[in-house]
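Chemist: Here you go, one structure.
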Amino acid sequence: MNYNQIFDQAIDRLHSEGRYRVFIEIMRNKGAYPNARCFHGHNGPKPITVWCSNDYLAMGQHPKVISAMEDALHDVGAGSGGTRNIGGNTHFHVQLENELADLHGKEGALLFTSGYVSNDATLSTLAKLLPGCVIFSDSLNHASMIAGIRNSGCEKRVFNHNDVVHLEQLLAAEDPETPKLIAFESVYSMDGDIAPIHAICDLAEKYNALTYIDEVHAVGMYGKRGGGISERDEAAHRIDIIEGTLGKAFGVMGGYVAADRKIIDVIRSYAPGFIFTTSLSPVLVAGVLASVRHLKESSVERDAQHANAAALKKHFRDAGLPVMESTTHIVPLMVGDPVRAKRISDILLAEYGVYVQPINFPTVPRGTERLRFTPGPAHTNEMMTELTKALVEIWDRLDLRQAA
């Protein structure tokens, strides 16, 4: 068996399909986001503007967050020292879980090391505990949700994206006594569209199913206190489990779920992804705690982000660029080919100091490759104008209007 040959062939396939991922080495400039330095290439660091960060509200740069992390580092040191059960259950962790439960109007919350882990661990654990459970999963659910469903070992039914008619057909076909769980997202991050939450909850009540919503691309950014789309649409009380991340709008790292005390206790007691891993550093948790508390009180960041997202979409539309329809802060620009998407990204970085990564399969379906822009509250109109001019020049240079 030639192991190296097998590995080489696997990597060669990615290169031949034009979707080999290149990680661009950058350093953000503290207090100056979205400005950063890029170390890609051989000419030393060069200034760039970041257009693809998931630090949607620049809270990773917020003085309150940085100060809280510095204070925690000074007071308790770097790491947590163990799992939550053995030495790693700090006062910061308990405080943050209380804040997150309050954010979503739930009785409890549970922290994980990432949003991926919180989805995987929670979905797999709950489904295993429900005898004969069937999970109904939106066709565009995130890879972490798919992994959790797969790891549960239970049966799944995939319904067409945001299609409540198809979902009801699948629910109605099951035995009424079968345990059911509907898993979906609020904001789908590659298209920027939103789930029909109330319609899904109506079906869940009709067919006695649990509901599980992934709010990772919405927490912090929607709702009066940043509780996500479920808060904005006054639907949080109808959702059984709300999952979110601490690494996007809240600007630091980690994931969580919020639910009633019994569900939280079950996950806490049975999920290997929670039980057998070192807890988040209290330094990180202190930063998130400051971020969550701030965004519960402040809408300045949310308002600026929403305004800038709308402005960038208008810039693109007015310039005749193929911006995809989106009702959220996500601004996707359709390319439709992995090689061209990578080429545009490379030119933007090398010639214009603009950093945006191409989005390829399997993140999006083949033939729908795109550039995904995430304007934040600190992106200026001048930055948007320069970005649009650069994209128009590249589109004309590569004859992409004709190709479209």
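The values are calculated or read from the model by the stated rules, or taken from the named source; none is laboratory data. Being a predicted model, the structure only gives us computed values, none of them experimental. Ideal geometry is used to build each Cβ from the backbone, glycine not excepted, and the neighbour counts take in all protein chains shown. SASA here: full protein model, heavy atoms, side chains in, ligands and nucleic acids out. Shrake-Rupley method; radii C 1.70, N 1.55, O 1.52, S 1.80 Å.
Chemist: If we scan the range 370-381, do we find a residue that is under 16 Å from the mean Cα position of the chain (by Cα), within 16 Å of Asn308 (Cβ to Cβ) and among the aliphatic types (A, V, I, L, M)?
Modeler: no
Chemist: So which residues in the range 98-146 are in a helix (DSSP H, G or I) and surrounded by fewer than 19 Cβ atoms within 10 Å (Cβ to Cβ), if there are any at all? Break it down stepwise before answering.
Modeler: Let us first name the residues in the range 98-146 that are in a helix (DSSP H, G or I), namely 98-104, 115-129, 143-146.
Within the range 98-146, Asn98, Glu99, Asp102, Lys128, Leu129, Ala143, Ile146 qualify.
Let's see how each residue does on (1) charged (D, E, K, R); (2) without any contact (Cβ under 8 Å) to a residue 12 or more places away in the chain; (3) open to solvent by 10 Å² or more (accessible area, probe 1.4 Å):
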position: Glu234; (1), (2), (3): yes, yes, yes
position: Asp240; (1), (2), (3): yes, no, yes
position: Phe250; (1), (2), (3): no, no, no
position: Tyr256; (1), (2), (3): no, no, no
position: Asp260; (1), (2), (3): yes, no, yes
position: Ile264; (1), (2), (3): no, no, yes
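Chemist: Additional query: Considering the range 7-34 alone, what residues qualify as being open to solvent by 80 Å² or more (accessible area, probe 1.4 Å) and not in a loop (DSSP other than H, G, I, E, B)? Can you show your working first?
Modeler: At the first step, the residues of the range 7-34 found to be open to solvent by 80 Å² or more (accessible area, probe 1.4 Å) are 7-9, 12-13, 15-16, 20-21, 23, 25, 27-28, 30.
Once the filter is applied, which keeps residues that are open to solvent by 80 Å² or more (accessible area, probe 1.4 Å) and not in a loop (DSSP other than H, G, I, E, B), the range 7-34 yields Phe7, Asp8, Gln9, Asp12, Arg13, His15, Ser16, Met27, Arg28.
Chemist: Scan the range 307-362 residue by residue and report those that are within 20 Å of Ile194 (Cα to Cα) and of a type in the set (Val, Ile, Thr).
Modeler: Val323, Thr327, Thr328, Ile330, Val331, Ile359
Chemist: Report whether or not Val165 is open to solvent by 60 Å² or more (accessible area, probe 1.4 Å), outside the structural domain of Ser53 (by the TED database) and in contact with a strand residue (DSSP E or B) (Cβ under 6 Å, 6 or more places away or on another chain). Lay out the reasoning, then the answer.
Modeler: Details: open to solvent by 60 Å² or more (accessible area, probe 1.4 Å): yes; outside the structural domain of Ser53 (by the TED database): yes; in contact with a strand residue (DSSP E or B) (Cβ under 6 Å, 6 or more places away or on another chain): no.
For Val165, the condition - open to solvent by 60 Å² or more (accessible area, probe 1.4 Å), outside the structural domain of Ser53 (by the TED database) and in contact with a strand residue (DSSP E or B) (Cβ under 6 Å, 6 or more places away or on another chain) - is not met.
Chemist: Could you look through the range 268-277, keep only residues that are hydrophobic (A, V, I, L, M, F, W, C) and assigned to a helix (DSSP H, G or I), and pick out the one that is nearest to Leu203 (Cα to Cα)?
Modeler: Here is the first cut: in the range 268-277, the ones hydrophobic (A, V, I, L, M, F, W, C) are 271, 274-276.
This time we only want the ones that are assigned to a helix (DSSP H, G or I), so: 274-275.
On the way: Phe274: 31, Ile275: 33 Å.
Across the range 268-277, the extreme among qualifying residues is Phe274.
Chemist: Could you give me the residue pairs with C-beta distances under 7 Å whose first residue belongs to the range 1-27 and is closer than 30 Å to Gly44 by Cβ, whose second residue is of a type in the set (Lys, Arg) and surrounded by 11 or more Cβ atoms within 10 Å (Cβ to Cβ) wherever it lies, and which are 6+ apart or on separate chains?
Modeler: From the range 1-27, the pairs are Gly18/Lys342; Ile26/Arg37; Met27/Arg37.
Chemist: Would it be correct to say that Lys156 is of a type in the set (D, E, K, R), in contact with a strand residue (DSSP E or B) (Cβ under 6 Å, 6 or more places away or on another chain), buried (at least 21 other Cβ atoms within 10 Å of the Cβ) and at pLDDT 95 or above?
Modeler: Details: of a type in the set (D, E, K, R): yes; in contact with a strand residue (DSSP E or B) (Cβ under 6 Å, 6 or more places away or on another chain): yes; buried (at least 21 other Cβ atoms within 10 Å of the Cβ): no; at pLDDT 95 or above: yes.
No, not satisfied.
Chemist: Further question: Which pairs do you get when a residue that is surrounded by 15 or more Cβ atoms within 10 Å (Cβ to Cβ), found in the range 42-68, comes within reach of a residue that is of a type in the set (Asp, Glu) and at pLDDT 95 or above, reach meaning Cβ atoms under 6 angstrom, with the pair 6+ apart or on two chains?
Modeler: Leu57/Glu301
Chemist: Select from the range 82-105 the residues that are in contact with a Gly (Cβ under 6 Å, 6 or more places away or on another chain) and touching a residue at least 60 places away in the same chain (Cβ under 8 Å) and write down the one among them that is nearest to Leu284 (Cα to Cα).
Modeler: The extreme case among them is Gly88.
Chemist: Restricting attention to the range 156-188, report how many residues are among the charged types (D, E, K, R) and touching a Ser or Thr at 6+ places or on another chain (Cβ under 9 Å). Outline the logic, then answer.
Modeler: Initial filter on the range 156-188 (among the charged types (D, E, K, R)): 156-157, 163, 168, 174-175, 177, 180, 185.
Subsequent filtering for residues that are touching a Ser or Thr at 6+ places or on another chain (Cβ under 9 Å) retains 156-157, 163.
Number satisfying all stated conditions: 3.
Chemist: Among the residues of the range 245-267, how many are part of a strand (DSSP E or B) and in contact with a helix residue (DSSP H, G or I) (Cβ under 7 Å, 6 or more places away or on another chain)?
Modeler: Quick first cut of the range 245-267, residues part of a strand (DSSP E or B) only: 245, 255-259.
If we keep only those that are in contact with a helix residue (DSSP H, G or I) (Cβ under 7 Å, 6 or more places away or on another chain) too, we end up with 245, 255-258.
The total comes to 5.
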